[in-house]
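Scroll down for the structure; my scribbles are underneath it.
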Amino acid sequence: GLAINVPLPDTVYVSISFAILAGVVTWKTLPRLAMTFVNARVSGVDVLKPDRPVIPEAMGFPTAVVYLIAMFCFIPFPFIDWFDGQARLVHEDNPMIGTFPYHKLGQILSAILAIQSMVLLGFADDILDVRWRYKVWFPAVASIPLLIFYYTNFGVTYVVLPLQLRPYVGDLVDLGPFYYLYMVMLVIFCTHTINILAGINGIEAGQSLIIALSVIINDLLFMFNNPDRESLEAHLFSLYFMLPFAGVTFALLTQNWFPARVFVGDTYCYFAGITFAVVGILGHFSKTLVLFFIPQIFNFLYSCPQLFRFVDCPRHRMPRLDSETKKLRCSTVIIKPNNSIRGKLGYLFLKFLYLLGLLKVFKRGENGRILECNNLTIINLVLARFGPMSEVHTTRMIMGIQVLSSLFAFFIRYKLVQYVY
Ligand code: UD1
Ligand code: MG
């Protein structure tokens, strides 16, 4: 059971204070910036409302700026012991050796640098509407500071194998450079999967808040379970970044929840994704982190036929508003006859999804050929199954799925895992 005999270090309370403060500042700032953004034409049409209002876009940018300022100000606190009267700036026996943990400072700085770079590129994307073929790589660029820090400080590139494989391969396998590839892919995955699970009010910030709270609970579970020094530090590091993130995200969500007064923009999706990836990588729990992304993984896999253009992918795949009932229905895609290998494979995917009960067909040709079906996103799937539904109801349902997935993730992490590791 849980033995609560590790008091939380003071820095955690400092971090909680920063989280609350940053949340309040964000909550106060966003409404004030709304008109400024609209006047600068950083705005978007809320297409799922009958009157299609224009509201500010990219509000994830000021949100991330408040977060970054909070993190800048927080930097000294984990090192407070080195500032007080009995400063241990030098080693007791050997005054030539400093004891200041520069690697820990480097860890925090590289994490902030990666997040800040991602925010910069995300804002560029919101302003310039960068094409997908370029912006796919943005997170890879932003992850460079992280990878350099990882290389120079841990350099650990092996993974522990499942029990079932150990007799054949050994306990550990060294992935070498492939481990760095894995980390880059993790950053790309975290950022873009949040960005494509989007299109109805409250969904980007809502899913991120649930993931952040899951990470925080996971950190606390670790800390209360007598961890060794190293994992205590790792999960402390995660808390320092996740607590203020949850604070600003909550403030943003209050404005973005149905009926939205602001849009979060791609800036926010990238900001959220890289913040998760940073704590997962530097906190050494990237596998657990991925478990909290179950709905995003599903949505990504489900989207693949459209993302990789085996099936047409319209610019926007969000649901449609039924103007009479004011409810949402799933949006659809027309399947043009296409005899290339790509088109044939795409059609096979669709038939497979149909067999699994994961596709709603709207129109068939005389030979039974699928001519129109729902767009391949989890939001449209939910609407195809349970719709038509109001927008807020749809958001709540996706949030419910996210919470259930997190509970399932904890079950895997703390119950099932003993059979594998
Ligand atoms: C991603 C999705 C796209 C989806 C879009 C919605 C993929 C490959 N891309 O594109 O299918 O339509 O997100 O965010 O899956 N909007 C609303 N209500 C909301 C949120 C957004 O109407 O609650 C509209 C607004 O017009 C807003 C626009 O979506 O301006 C933002 O779209 P953008 O973030 O630029 O789309 P992508 O991230 O490129
Ligand atoms: Mg987007």
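Taking the criterion of being of a type in the set (Ser, Thr, Tyr) and within 11 Å of ligand 1 (Cβ to nearest atom), the residues of region 159-212 that qualify are Thr191, Thr193. Of all residues in region 292-309, those that are of a type in the set (Ser, Thr, Tyr) have Cβ atoms under 8 Å from Cβ atoms of residues that are within 14 Å of ligand 1 (Cβ to nearest atom) and in a loop (DSSP other than H, G, I, E, B), 6 or more apart or on another chain, in Tyr302/Leu376; Tyr302/Thr377; Ser303/Leu376; Ser303/Thr377.
Tallying residues that are crowded, with 18+ Cβ neighbours inside 10 Å and either over 25 Å from the mean Cα position of the chain (by Cα) or more than 19 Å from Thr191 (Cβ to Cβ) (or both) within region 285-317 yields 3. Against the numbered list (1) more than 20 Å from Ala114 (Cβ to Cβ); (2) out of contact with any Lys or Arg (no Cβ under 8 Å at 6 or more places or on another chain); (3) more than 13 Å from ligand 1 (Cβ to nearest atom), Arg261 comes up short only at (3).
Within region 255-296, the residues that satisfy the criterion of being touching a helix residue (DSSP H, G or I) at 6+ places or on another chain (Cβ under 7 Å), more than 15 Å from ligand 2 (Cβ to nearest atom), part of a helix (DSSP H, G or I) and of a type outside the set (Ser, Thr, Tyr) are Gln255, Phe276, Ala277, Val278, Val279, Gly280, Ile281, Leu282, Leu289, Leu291, Ile294, Pro295. Considering region 264-283, and only residues there that are away from ligand 1 (no atom under 16 Å from the Cβ) and more than 12 Å from the chain's Cα centre (by Cα), the residue that is nearest to Thr191 (Cα to Cα) turns out to be Ile281. Taken over region 355-394, the criterion of being touching an Asp or Glu at 6+ places or on another chain (Cβ under 9 Å), over 15 Å from Arg329 (Cβ atoms) and touching a residue at least 60 places away in the same chain (Cβ under 8 Å) is satisfied by no residue. Look at region 151-207 and say how many of its residues are small (Gly, Ala, Ser), within 16 Å of ligand 2 (Cβ to nearest atom) and not in a helix (DSSP H, G or I). Final tally of qualifying residues: 3.
Scanning region 304-325 for residues that are over 23 Å from Val45 (Cβ atoms) and within 16 Å of ligand 2 (Cβ to nearest atom) turns up just one, Leu307.
Here, each number is a calculation from the coordinates, and none is a lab measurement. Being a predicted model, the structure only gives us computed values, none of them experimental. Note that each Cβ is placed from the backbone with ideal geometry, even for glycine, and that neighbours are counted across all protein chains shown.
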